[in-house]
Structure formats: C-alpha cells, structure tokens
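Notes for the one structure printed next.
Just so it is clear, none of the values below were taken in a lab; they were calculated from the coordinates. None of these values were measured; they are calculated from a predicted model. Neighbour counts are summed over all protein chains in view; Cβ atoms, including those assigned to glycine, are modelled from backbone coordinates with ideal geometry.
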Amino acid sequence: MKYIGAHVSISGGLHKSVLNAKKIGATTFALFTKNPLQWNSLDISDKEKKNFINLCKFFNFNLKMILPHCGYLINLGHPVDTLLEKSRCSFINEIIRCKSIGLSFLNVHPGNHLYKITEIDCLKRISHSINIALDKIENFSIILENTAGQGSSVGYCFDHLKYIIDNIDYKDRIGICIDTCHAFASGYDLRTKERCKKTFDLFDKIVGLNYLKAFHFNDSRNKFFSNIDRHNNLGKGYIGSEAFIWILQNICLNNIPIILETTNKDMWIKEIIWLKNNYKS
Ligand SMILES: [Zn+2]
Ligand SMILES: [Zn+2]
C-alpha cells in the first residue's frame, strides 16, 4: 500500500482535512489539529471527532498512517524551566487531541536552545520531555523531524537524532521523519543517486533505517547547506527530481507516510500522480 499525501488545511473543521486529502488523490495526509501558532485552542467536540473518524473510514484512510504535525510554539528543549514546562504540557495536550481522533503518532521538531544552553543540554531536555509524554500516554509514538539547522534549532544532524533516541525509554515508540528540504539545507546532499545512497547509508549507520517512520517530500528553494528552511515543489528547487525517485525505489516504504509540504498546492495532484508512478511496486 502506498501512503502518499500532503499537509492539508483544516480550515472549516478537522473533517475538512479528510475531504481536502481525498480531492488531491492522496492515500494519507498530514494536518495540524489546532492553530500551530497559538498555545490555546478549543477542545475538539465529540461531533467533530466522530465526523473526522467516520470520513477517514468512508474514504479508506488508514488512521494509523495519518501524520499530524505539532504546533510551532512547543519547544521540548526550552532552556528556561517554566517555559519548558509550558511546552511539555502543551505537547501532552496535542498528543491527547491526536489520540482522541484515532491517530497514533505525532510529528514534532525537536527543539531550540535559543543560545542559552549547549546543544547537548538541549537534546537532553528533548529526550526527557518525550519520556514524560510517553510515560503518561500509552499506545502512541513520537516522530522527530530533522531540521534545516536554522537559528538555534537542534536535530539538524543525524547524530542529534541518534542522541535523542538513545535517551528515550521507549525505543519502540520513537521514530524519525526525514524532511528532504531540511536534510539538504543542513548538509546532506541528495542531488544524485550516488549522494542519496551516501546520505541514507549514513542515516542507517548513525540512526538506523528501522527508526525511519515518515517522510516530508520537499524540494529546496535555497542552495545546498544553506541552513535555510524554504520549501519548493518537487523538481523545482536545488534538490531536483532524482532524489525523490531514488527514495521511492530504494528505501523500504511500507507503512511510511510520504507527505508533501511543497509550496504551490495547485501542483499536489500532479505531484502525487508522479510519485505514485515512480513508486516501486
Ligand atoms: Zn515540520
Ligand atoms: Zn517538514
């Protein structure tokens, strides 16, 4: 089964995401379960929960393959204790929201040290934050997304991801989402088949392909190793199409959602068809 989709809008209600995904021919999708730029949000009503789950069932979307994205204010490695606590509470709330609509994992950016603590201290805080959440909530996994290394973010190199995982108490409930734009921006080349192989061999050696649980497929608007997080449509940026074909044909993608976060949404239908056509059957 191919799980290919895009990060769709929830404008008008959570159930709209399901309809938006269906419209573009997706077999899975990503969504925010609330406004990602606000701390607070209204609870999801029972009616809305039912609507979402029933529509997913109706259109044959596997709830276990839908990849919700965490809000942007949450910083699991925050250097200030009170604000770290606020992030941890909000993170747990987001997990509860996801679980309440039948989802079983949540994609999150690791965190930012804000130039106040070392990267290692920040990574330790992140692992601890995730342990607290996984301790509290059962049957749920956290998917860490690699970052572009913009600003003070950590998680831009495979060693960071490995360090976080090493300090997680629940190894079967932690995974990695590789965002191709972020990887490219942080110095992992994907421009040719050979460089793709080298990058994923390195990922396997440092982190382990068994931890790879999702992809964000994005081309990059900025040059290699720019540390700038600016996405582009597939084949329209500095990465080029070859990388995506290589991944589809060389990485085992069973039960791995592939999510487009490309900028021109009008291209999504075409991009999904193109990806499906290049998928190793
Ligand atoms: Zn992200
Ligand atoms: Zn992403």
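Worth pointing out:
- Computed on the chain, the Cα convex hull volume stands at 114 Å³ per residue.
- The amide H of residue 145, built 1.01 Å from its N in the peptide plane, has 108, 109, 177 as neighbours under 5 Å, considering only residues 5 or more places off or on other chains.
- Dipole of the stretch 4-278, positive direction: furthest Cα of 143, 206, 123, with charges on the beta-carbon: 143
- With contacts taken as Cα pairs under 8 Å and at least 6 residues apart, the stretch 186-281 reaches a relative contact order of 30 percent.
- Dipole magnitude for the stretch 4-278: computed about the Cα centre from +1 point charges on Lys and Arg Cβ and -1 point charges on Asp and Glu Cβ, it is near 720 debye.
- Contact order relative to length of the stretch 4-278, as percent, for alpha carbon pairs under 8 angstrom and 6 or more apart: 17 percent
- For the stretch 102-176 versus the stretch 198-263, the inter-centroid distance based on Cα atoms is 19 Å.
- Distance between modelled label sites at residue 249 and residue 89, nm, 7 Å Cα→Cβ extension: 5.2 nm
- Packing order of peptides 129-142, 5-18, highest average first: 5-18, 129-142 (average count of other Cβ atoms within 10 Å over each peptide's residues).
- Nonlocal amide H pairs with residue 29, under 5 Å, H built at 1.01 Å: 67
- Checking the Cα-Cα distances for 124/205; 124/223; 34/64; 49/86; 197/270; 99/197 against a 28 Å cut-off, the pairs over it are 124/223; 99/197.
- Neighbour counting of Cβ atoms within 10 Å sorts the residues 65, 1, fewest neighbours leading, into 1, 65.
- Gain on full extension, evaluated as 0.36 nm per residue between residue 63 and residue 279 minus their Cα-Cα distance, stands at 75.6 nm.
- Footprinting exposure proxy ranking of 78, 128, fewest other C-beta atoms within 10 angstrom first, gives 128, 78.
- With both labels modelled 7 Å from their Cα along Cα-to-Cβ, the residue 9 to residue 40 distance reads 2.6 nm.
- Leading residue at positive end of dipole, the stretch 4-278 (Cβ point charges), from 257, 78, 55: 55
- The stretch between residue 227 and residue 124, if pulled fully straight at 0.36 nm per residue, gains 34.8 nm over its current Cα-Cα span.
- The stretch 34-120: trypsin sites (Lys or Arg not before Pro) in DSSP coil with no more than 15 other Cβ atoms inside 10 Å: 116
- In plain terms, the residue of 234, 190 with the fewest other Cβ atoms within 10 Å comes first and the most crowded comes last, giving 234, 190.
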